[in-house]
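In what follows, a single structure is set out as structure tokens and then discussed.
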Amino acid sequence: MGARRKFVAGNWKMHGMAGSLSELQLIAAAADASKSVDVALCVPSTLIARAADAAPTLPIGAQDCHQAEHGAHTGCVSAAMLAEVGARLTIVGHSERRQDQQESNADIKAKAEAAHAAGLSVILCCGETEAQRDAGQAIARVTAQIAESMPDDASADWLTIAYEPIWAIGTGRVPQTSDVAEMHGAIRVKLRDLIGEEADAMRILYGGSMNGGNAAELLAVSDVDGGLVGGASLSADKFVPIIEAAASAS
């Protein structure tokens, strides 16, 4: 198998209004200039259509979807609705959804399958809390999440895994590179158990306080195929250096 192409995805979370589209266009220009890296931005649902129009060469994604095609689900958005307004991918299983909305592994598996059925690519998140890491349960916790969340028809063509140590998200704290390497290696082994040789083509992103200062070091770690970036993806000044680091690591 050839080298996996680096993938850097931004997650704007609940940030971004129409005035943010100028930053998005600057990011899109940098992504266009970097031919060796895949770049995407997952924006609030209210911005998807305008973002897709403002930057047609940049894959725009959602941050979640509902597992049902339609129905009495007030306030929810289906994968088909997201695709219709221009989304090309979605995140599922982000730790903030697992914690704040009490989403289960079964929920996340169903969302991933619904997104794929609607033609969307998927970034499936997994990660452990600080207490779980301190108790020596990090690898067992993360690999169990993957096993229970993995869609039945998983393929590297449309599915990416993102490892996000929950205690590092938005805190500025980053695991030791040896810890990242150990976890990404364990994820790769679990993927091979689940989907066989296809696992060697599936990208595993690191998420958790990645920024322009530490991206090169993290992206050089074995089995780190890119990054899922939160706060640093909100501006071109902070996000473009991560794209450039990924290009250098390719």
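The values are calculated or read from the model by the stated rules, or taken from the named source; none is laboratory data. Given the structure is predicted, the values throughout are model-derived calculations rather than measurements. With ideal geometry, Cβ positions are generated from the backbone for all residues, glycine too; neighbour counts draw on all protein chains shown.
Any chance the stretch 133-141 includes a residue that's closer than 24 Å to Val39 by Cα, in contact with a helix residue (DSSP H, G or I) (Cβ under 7 Å, 6 or more places away or on another chain) and at pLDDT 95 or above? No, there is no match, as no residue in the stretch 133-141 is closer than 24 Å to Val39 by Cα, in contact with a helix residue (DSSP H, G or I) (Cβ under 7 Å, 6 or more places away or on another chain) and at pLDDT 95 or above. Restricting Ala83, Ala33 to residues that are under 21 Å from Arg5 (Cα atoms) and without any contact (Cβ under 8 Å) to a residue 60 or more places away in the chain narrows the list to Ala33. Applying a threshold of 6 Å to beta carbon distances and a minimum spacing of six or more residues, or different chains, the list of pairs starting in the stretch 160-173 at a residue that is under 13 Å from Asn214 (Cβ atoms) and ending at one that is surrounded by fewer than 20 Cβ atoms within 10 Å (Cβ to Cβ) reads Ala168/Val174. Within the stretch 84-102, how many residues turn out to be within 20 Å of His70 (Cβ to Cβ) and surrounded by 20 or more Cβ atoms within 10 Å (Cβ to Cβ)? Looking only at that region, the number is 3.
Scanning the stretch 27-50 for residues that are aliphatic (A, V, I, L, M), surrounded by 18 or more Cβ atoms within 10 Å (Cβ to Cβ) and over 23 Å from Leu205 (Cα atoms) yields one hit, Leu47.
Does Gly208 fit the bill of being buried (at least 18 other Cβ atoms within 10 Å of the Cβ), touching a residue at least 12 places away in the same chain (Cβ under 8 Å), within 11 Å of Gly10 (Cα to Cα) and not acidic (Asp, Glu)?
Spelling it out, it is not the case that Gly208 is buried (at least 18 other Cβ atoms within 10 Å of the Cβ), touching a residue at least 12 places away in the same chain (Cβ under 8 Å), within 11 Å of Gly10 (Cα to Cα) and not acidic (Asp, Glu).
Cβ-Cβ distances below 8 Å connect the following pairs, each with a first residue in the stretch 1-29 that is over 24 Å from Ile161 (Cα atoms), a second residue that is part of a loop (DSSP other than H, G, I, E, B) and of a type in the set (S, T, N, Q), and a separation of six or more residues or different chains: Glu23/Ser235.
For the stretch 92-101, the count of residues that are under 21 Å from Val229 (Cα atoms), of a type in the set (A, V, I, L, M, F, W, C) and at pLDDT 95 or above is nonzero.
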